[in-house]
1. Pairs please, first residue from the range 1-26 and outside any loop (DSSP other than H, G, I, E, B), second anywhere and small (G, A, S), Cβ atoms under 9 Å, 6+ apart in sequence or on different chains.
2. Anything in the range 53-70 that is surrounded by 11 or more Cβ atoms within 10 Å (Cβ to Cβ) and over 18 Å from I30 (Cα atoms)? List them, or say none.
3. Considering only residues that are of a type in the set (F, W, Y) and not in a loop (DSSP other than H, G, I, E, B), which ones fall in the range 30-75?
4. For the subset of the range 22-63 comprising residues that are modelled with pLDDT of 95 or more and charged (D, E, K, R), which member is farthest from A11 (Cα to Cα)?
5. In the set L8, L17, L77, which member is of a type in the set (A, V, I, L, M, F, W, C) and crowded, with 16+ Cβ neighbours inside 10 Å?
Amino acid sequence: MAKNIQSLERAAAMLRLLAGGERRLGLSDISATLGLAKGTAHGILRTLQAEGFVEQDPASGRYQLGAELLRLGNSYLDVHELRARALVWA
């Protein structure tokens with residue numbers, strides 16, 4: 001059986017971490033919580049930021065979820081017609 005891709009698992013863990021609890025986290029917080037080297041965490045965060053999944057606050061340097069995740073979530077709702085079904089019950 002094929003093994004999962006570690007970098008994708010780590011990126012998913014970062015997104016889940018940013019989605020729960022405190023919304024903005026610094027690099028040290030993220031790397032310590034996930035048990036990653038700062039360089040590894042920073043590389044993944046840079047990639048997620050380039051794709052719009054993560055944003056970095058210019059003043060504090062802290063990271064938060066990006067707007068691209070909202071677009072993906074909306075796409076999921078549209079595909080599964082959840083939005084239309086919810087409107088019927090409203």
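The values are calculated or read from the model by the stated rules, or taken from the named source; none is laboratory data. The structure presented is a predicted model; accordingly, all values stated were derived computationally and were not measured. Note that each Cβ is placed from the backbone with ideal geometry, even for glycine, and that neighbours are counted across all protein chains shown.
1. Filtered contacts from the range 1-26: S7/G43; R10/A41; M14/A41.
2. Across the range 53-70, the qualifying residues are E68, L69, L70.
3. First, pick out the residues of the range 30-75 that are of a type in the set (F, W, Y): 53, 63.
Within the range 30-75, just Y63 meets the criteria.
4. Ranking the candidates gives D57 first.
5. Being of a type in the set (A, V, I, L, M, F, W, C) and crowded, with 16+ Cβ neighbours inside 10 Å holds for just one of L8, L17, L77, which is L17.
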